[in-house]
Amino acid sequence: MTQPDLKQLLAQRAALEQQIIDAQRSARAAAIAEVRSLMAEHGLTMADLGSRPAAAPTRKGGAGKVAAKYRDPATGTTWSGRGLQPRWLKAAMADGKSLSDFAL
């Protein structure tokens, strides 16, 4: 018995992935139809369910913007204390100032 070559295996994988996607879409469509049918049968609305329509997916990493912790008094530029130090802060510290001089 000969083993299938790489191209055949990749083609089979692509076909299986497409079948999975099609099956997921079909199952989702059936579930939505069933929910709509039940809602219509019982006269329910989204408000009755006590929920809002699904929001767009959010980022999983990070919590968004972080409050500034340091400010350049000359320009008003701020830095949160995360990531690389900004050039203005590095230059000021090279001139002998301390990080606490810029704390908010």
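What to note about this one:
- Set Arg71, Arg82, Arg87: member being of a type in the set (D, E, K, R), under 23 Å from the mean Cα position of the chain (by Cα) and either farther than 30 Å from Ile32 by Cβ or modelled with pLDDT of 85 or more (or both): Arg82
- Residue in the range 76-91 that is among the hydrophobic types (A, V, I, L, M, F, W, C), touching a Leu at 6+ places or on another chain (Cβ under 9 Å) and part of a loop (DSSP other than H, G, I, E, B) present: no
The values are calculated or read from the model by the stated rules, or taken from the named source; none is laboratory data. Because the structure is a prediction, the values reported are computed rather than measured. Neighbour counts are summed over all protein chains in view; Cβ atoms, including those assigned to glycine, are modelled from backbone coordinates with ideal geometry.
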